[in-house]
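Laboratory data are not the source of any read-out in this text; all were calculated from the coordinates shown. Remember, it's a predicted structure, so these values are computed and weren't measured experimentally. Positions of Cβ are generated from backbone atoms using ideal geometry, with glycine treated the same way; all protein chains shown enter the neighbour counts.
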Amino acid sequence: MERLFHLIYRYRAFILFLFLEYLSFVLIKNRTIYQQTKIVKAGIEISGRIKSSTSNVSEYLNLKEHNKELQVENAKLRELLAQRANSPNQSPRGDRPPSVLQQYYYVPAEVINNSTNRFNNYLTLNKGAIHGIKPNMAVIGSKGIIGKVESVSSNYSTVVSVLHTGYYVASKITPSGIQATLKWDAESSEKSRLLYVPRHLKINPGDTVKTSGFNAVFPPEVDIGVISGVELSEDATFYDLRVKLFTNFNSIKHVYLVGNRLREEKLELEQELSNE
Amino acid sequence: MGRDLIYHISAFFVFVLLQLFVFSQLNFLEYGFCFIYVGFFLMLPFDFDRILGLIIAFGTGLILDIFYQSGGIHTAASVFLMFIRPGLLSLLNPKSGFEIGMRITVNQMGWGWYLMYASILIFSHHLILYSLDAFSFSLLFKAMLYAAVSAIFSLVMIITVQLLLFSKIKT
């Protein structure tokens, strides 16, 4: 017994090293769970304050560009509005509840921190729990998708960027309607990949990729990018597709958080199904 | 001893606060990122208690991880750096041996010795950090590239801060 204690004492640094490394691996593996803890939320709040004070300076430098982007988006929305007003076959609204009529609601926010050069990128937004932000809300920009909310402190929220090697987005290719999954491969901040498109389908480069809305985070029909590269090797089951993203992740400033009023209902229903 | 303690505590605050306020969003050559807080570990005394060192590395890494919302990658990399440091120090033992109260800085150890010491530790720290961030073998080569570019950036910045702030204080 005494010998054992001697041995432990002799290798105490090594044992402590192994123990601490084990703890860090637990933190890495359970990242999403521990992101909801109080201490991490306090960390988000503090780092949010620091980052928003430093991002104030860079904001003025890009003001012109951001204004232009917003104007382009406004024009696009006005066009859509005009189209809607002119369309003769408007569906009767009847007495459907507001949660169905306006399933998605939008909250504007500003990006105060953003990374594109890591393997798993995150953003910080200046809206938090007191503005009604919840985890798993979608984040979109004026040109296309950006990511989804991961954790929320009272004034800030952190967002998993589409540029994250562990994040999958349910998407579809238009106009053909082929289902696919978008996942980043850490190659470049402008491009991503489409997975699981079987080889018997016909894919045209230049087709637009949009969200399918199947995973209850993004609304359907949100722009993602265009197919920029199609490859199919001899023995592959799936295509090797590259997507040029519409969003320029290096210069995003103004974004919208999108909440889904029917999300809970959809998840509950699906949960019931999988329990049976 | 009291003076030494103040010296190292101030080193901790200087390097960690620089990381959080100045280098939290600065890029270098697209891939590079400066992890200047590592400079604090490099400056700890050569005979620093191993157990205490590991615990301090764990705590510092955790602060960074909470700030960057990065799980435990800074923690794992910092603990690893602190674990290999004593071994590296005895391996690189200068000809005259270490003197009591000697500080591990460019001025006291010389450029050649310090560059060797710092680059090995910084690169291994960054390599662990980026490999854990990538968490897949297919990205390992890319992780090495990121680690190498970032290590150069961090090394230059650490030496700059050290020469500016920590070289005039005499023991």
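In this label model, residue B:144 and residue A:226 are separated by 3.7 nm, measuring between points 7 Å along each Cα→Cβ vector. Shielding by partners for peptide B:78-85, expressed as the average number of C-beta atoms from other protein chains within 10 Å of each residue's C-beta, is 3. The Cβ shell under 11 Å around residue A:44 holds other residues with a net charge of +2, Lys and Arg each +1, Asp and Glu each -1. What net charge do the residues around residue B:21 carry, taking every other residue with its C-beta under 14 Å from that of residue B:21, with Lys and Arg at +1 and Asp and Glu at -1? Every neighbour counted, the sum reads +2.
The angle separating the long axis of helix A:263-275 from the principal Cα axis of greatest extent in chain A is about 70 degrees.
Ordered by the count of other Cβ atoms within 10 Å of each Cβ, fewest first, A:66, A:164 give A:66, A:164. Quick one: helix B:73-91 against the long Cα principal axis of chain B, what's the angle to the nearest 10°, folded into 0 to 90? Rounded to the nearest ten degrees, it is 40.
Across the protein assembly as shown, Cα-Cα distances exceeding 34 Å account for 43% of all pairs. Counting every other Cβ atom within 10 Å of each residue's Cβ, B:90, A:47, A:154 order from fewest to most as B:90, A:154, A:47. For residue A:215, neighbours were defined as the other residues whose beta-carbon sits under 11 Å from its Cβ, and their charges (Lys and Arg +1, Asp and Glu -1) total +2. Taking every residue in B:4-11 and counting other chain Cβ atoms within 10 Å of its Cβ, the average works out to 0.
Its Cα centre serving as origin, the protein assembly as shown has a Cβ charge dipole (Lys and Arg +1, Asp and Glu -1) of approximately 680 debye. For the segment A:112-121, counting C-beta atoms of other chains within 10 Å of every residue's C-beta and taking the mean gives 5.
The protection proxy used here, the mean number of other Cβ atoms lying within 10 Å of each residue, ranks peptides B:40-47, A:37-44 as follows, highest first: B:40-47, A:37-44. Against the longest alpha carbon principal axis of chain B, how many degrees, from 0 to 90 and to the nearest 10, is the axis of helix B:50-68 turned? Once rounded, the angle reads 40 degrees. Remark: A:254, B:74, A:6 ranked as A:6, A:254, B:74, counting other beta-carbon atoms within 10 Å and listing the fewest first.
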